[in-house]
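> To start, I am sharing the structure in question, which I have written as structure tokens.
The values are calculated or read from the model by the stated rules, or taken from the named source; none is laboratory data. Small disclaimer: the values here were computed from a predicted structure and weren't measured. Cβ sites come from the backbone with ideal geometry, for glycine too, and all protein chains shown count toward neighbours.
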Amino acid sequence: MRVLIGIITVFFALAGQVMADAVQEGYEAFQRKDWTAAHRLWLPEAESGDVRAQFYLSVLYAEGMGVSPSPDLSTTWLKRAAEGGFPPAQFNLGNLHQQGDWVEKNDAQSAYWWSLAAKSGFSKAQYNLASLYSLGRGVEQDLDKAIYWYRKAAQGGSEKAKNTLATLGLPFAETTAFEAGSADAGQIIEATSTKLAANQNYLKTNNNINNELKSESNVIDKNNSRSTDDGILPVRQDFRWIQMQPDDNFTVQIFASDKSGSAGEIVENLKMAEHVAVFRYSRFGEEWFAVIVGSYATLEDAKSAVETFPEAIRNDKPWIKKFRIIKAAMDPQG
């Protein structure tokens, strides 16, 4: 989101690719938070078939950066980038199908897109694909393939995959039947199945697919990295209050982050007359937390309220949104 978005960088090229000048200029504008300029520079590149620009446009339309938020345009550009072979787009499209955000919730489609990204070496997709195989979601359950992809993800640096293998007592280097294609495949599968069966508690505690298949990336991430947060979920999550607000009322979003503790701290320290609410939502598969202030009948009322906010908040250019948009994005679990 616009406000305090955190470190947002870009998967700017596949290995060895050279960026077009317009795409680079768009990235520089993005870093300056000049979303309008980024859109102006990326649009013609996207229309000419540049998969990176298509992917970046999908982010702008998803987040309403420099343009009006548009799920339709966001998914259109995302699909074009994914169909063009861009792994981050394939990964995010798989996430959308897993969560049912703006597209049909479909495990098989998630498996399809994650498989393409996984085969390109995208470790986050490899981990998610392994989880599908281990749970039999969207694909026929295949424990051997699950271990294969967990190992690929671990070799690519996925800490989740490393932890999963460690929990199962499986070394990174052991050859699976899927890799070997040998006459001993049955024995290897049996051994792997035995190890997994011995860890049913692990599987049971991870069989909620929305938790098991959490995205490990921000929408745009040049360094393929993310910060971690050990903070607890903020106590104040006003799911019910938000649902009670009229869809056409406006609110002001002043903060968004993947760090729950940061959102909680904002709520604790913010002293305002208007109602301050926290809600959790899924941002391309990643769990994020947002803080909103007030419920206003008209756009003008919301704008007038912003003028009374502390200077630090005004300087961060808070985003006025209808509750309809908030409700659509909000995690139903609160």
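> Filter region 34-78 down to the residues that are of a type in the set (Lys, Arg) and either closer than 13 Å to Ala89 by Cβ or out of contact with any Gly (no Cβ under 9 Å at 6 or more places or on another chain) (or both) and list them by number.
If the condition is that a residue be of a type in the set (Lys, Arg) and either closer than 13 Å to Ala89 by Cβ or out of contact with any Gly (no Cβ under 9 Å at 6 or more places or on another chain) (or both), then Arg52 is the only one that fits.
> How many residues are outside any loop (DSSP other than H, G, I, E, B), charged (D, E, K, R) and either modelled with pLDDT of 85 or more or farther than 22 Å from Ser115 by Cβ (or both) if we restrict to region 162-190?
Result for region 162-190: 2.
> Same structure again: Test Glu83 against the stated conditions and say whether it is closer than 20 Å to Val23 by Cα and at pLDDT 95 or above.
Yes, satisfied.
> Suppose the filter is at pLDDT 90 or above and closer than 17 Å to Leu78 by Cα; does Gly94 pass it?
Yes, satisfied.
> Could you check region 50-68 and list, in sequence order, the residues that are under 20 Å from Asp21 (Cβ atoms) and outside any helix (DSSP H, G or I)?
Those that are under 20 Å from Asp21 (Cβ atoms) and outside any helix (DSSP H, G or I): Asp50, Gly66.
> List the number of the failed condition for Tyr61; all other conditions in (1) within 28 Å of Trp149 (Cβ to Cβ); (2) among the hydroxyl-bearing types (Ser, Thr, Tyr); (3) modelled with pLDDT under 95 hold.
(1)
> Are any residues in region 97-116 at pLDDT 95 or above and either in contact with a Pro (Cβ under 8 Å, 6 or more places away or on another chain) or on the phi > 0 side of the Ramachandran plot (or both), and if so, which ones?
Leu116
> Which one is nearest to the chain's Cα centre (by Cα), of the residues in region 245-296 that are part of a loop (DSSP other than H, G, I, E, B), charged (D, E, K, R) and modelled with pLDDT under 80?
So the residue we want is Asp258.
> Give the residue that is modelled with the lowest pLDDT, with candidates limited to residues of region 121-137 that are farther than 19 Å from Glu286 by Cβ and crowded, with 23+ Cβ neighbours inside 10 Å.
Ser134
So that you can scan it fast, the table gives a plain yes or no per residue for (1) out of contact with any Ser or Thr (no Cβ under 6 Å at 6 or more places or on another chain); (2) surrounded by 24 or more Cβ atoms within 10 Å (Cβ to Cβ); (3) within 25 Å of Ala22 (Cβ to Cβ):
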| residue | (1), (2), (3) |
| --- | --- |
| Ser48 | yes, no, yes |
| Trp102 | no, no, no |
| Trp114 | yes, yes, no |
| Lys119 | yes, no, no |
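> Could you tell me which residue of region 66-80 is surrounded by the fewest Cβ atoms within 10 Å (Cβ to Cβ), considering only residues that are modelled with pLDDT of 90 or more and over 21 Å from Tyr27 (Cβ atoms)?
Ranking the qualifying residues of region 66-80, first place goes to Asp72.
> Still on this structure: For a quick check of your reading of the model, give me the residue pairs whose first member lies in region 135-163 and is acidic (Asp, Glu), whose second is not in a loop (DSSP other than H, G, I, E, B), with beta-carbon atoms closer than 8 Å and at least 6 apart or on different chains.
Asp142/Tyr133; Asp142/Phe178; Asp144/Ala177; Asp144/Phe178; Asp144/Ala185; Asp144/Ile188; Asp144/Ile189; Asp144/Thr192
> Quickly run through region 116-137 and pick out the residues that are hydroxyl-bearing (Ser, Thr, Tyr) and under 20 Å from the mean Cα position of the chain (by Cα).
Residues satisfying the conditions are Ser120, Ser123, Tyr127, Ser131.
> Taking the conditions exactly as written (assigned to a helix (DSSP H, G or I), assigned by TED's automatic domain parsing to the domain that holds Glu159 and either over 28 Å from Lys322 (Cα atoms) or not small (Gly, Ala, Ser) (or both)), does Ala130 satisfy them or not?
yes
> Could you tell me how many of the residues in region 69-120 are free of Cβ contacts under 8 Å to residues at least 24 places away in the same chain and in a loop (DSSP other than H, G, I, E, B)?
Counting residues in region 69-120 that are free of Cβ contacts under 8 Å to residues at least 24 places away in the same chain and in a loop (DSSP other than H, G, I, E, B) gives 4.
> Looking at Glu140, Glu159, which one is modelled with pLDDT of 75 or more, under 22 Å from the mean Cα position of the chain (by Cα) and charged (D, E, K, R)?
Glu159
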